[in-house]
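No lab work stands behind these numbers, since they all come straight from the coordinates. Just so you know, these numbers come straight off a predicted model, no measurement behind them. FYI the Cβ positions are ideal-geometry reconstructions off the backbone, even for glycines, and counts take in every protein chain you see.
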Amino acid sequence: MTNTELLSIADKAMENAYAPYSKFKVGAALLCKDRTVFTGCNIENATYGATNCAERTAIFKAVSEGQRDFEAIAIVSSSGDETFPCGICRQVMAEFAPELKIILRSSSGEETCYKLMELLPKTFTL
């Protein structure tokens, strides 16, 4: 699967975002090593603390279905610009896939790929 295809799947996932408070919608598409794709969107809550990010939604869906081997995740947002995963999402990603590729798209349409360890070089481990 190409980065462009994965970003398109993330775009479609973003349509399901529940963001009545921030109005900031995010979609994610997680590519497993067996080529299965799990999607996620952000789901806000009035308490904010109970909000879940798109990236974690996709990862939790995959893990709950028995997947543990992840290759890449594409992330898009309603801002139209590169949207980096938050620190909590980065730590969750590191739990399962320290070599994960993170695919983002800029407002000009340029696709950029980062390695998770570039974004979280000193991950917490036991």
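How much net charge surrounds A10 when only the other residues with a Cβ under 15 Å from the Cβ of A10 are counted, with Lys and Arg +1 and Asp and Glu -1?
In short, -2.
Hey, got a sec? Which GluC sites (Glu not before Pro) in region 1-68 land in a DSSP loop and have at most 13 other Cβ atoms within 10 Å?
E15, E65
Take I59, I43, I9 and order them by how many other Cβ atoms sit within 10 Å, fewest up front.
I43, I9, I59
For semi-axes √(5λ) of the Cα gyration tensor in Å, the listed values are (i) 57, 15, 10; (ii) 26, 23, 12; (iii) 20, 17, 15; which was obtained by calculation from the structure presented?
So the calculated entry is the one marked (iii).
Could you calculate the contour length gain from N45 to D11, that is, 0.36 nm times the residue separation minus the distance between their Cα atoms, to one decimal place in nm?
The span from N45 to D11 would gain 10.1 nm if fully extended.
Quick check: the distance between the Cα centres of region 30-44 and region 45-90, to the nearest angstrom?
8 Å
What does the net charge come to around A19 if you take all other residues with beta carbon closer than 10 Å to its beta carbon, with K and R at +1 and D and E at -1?
Around A19, the charge tally is +1.
For K115, go through the lysines and keep the ones whose alpha-carbon is under 21 Å away, minus same-chain ones fewer than eight residues off.
K33, K101
Restricting to Cα pairs below 8 Å that are 6+ residues apart, what does the relative contact order work out to for region 3-119? Please round to a whole percent.
Relative contact order here is 23 percent.
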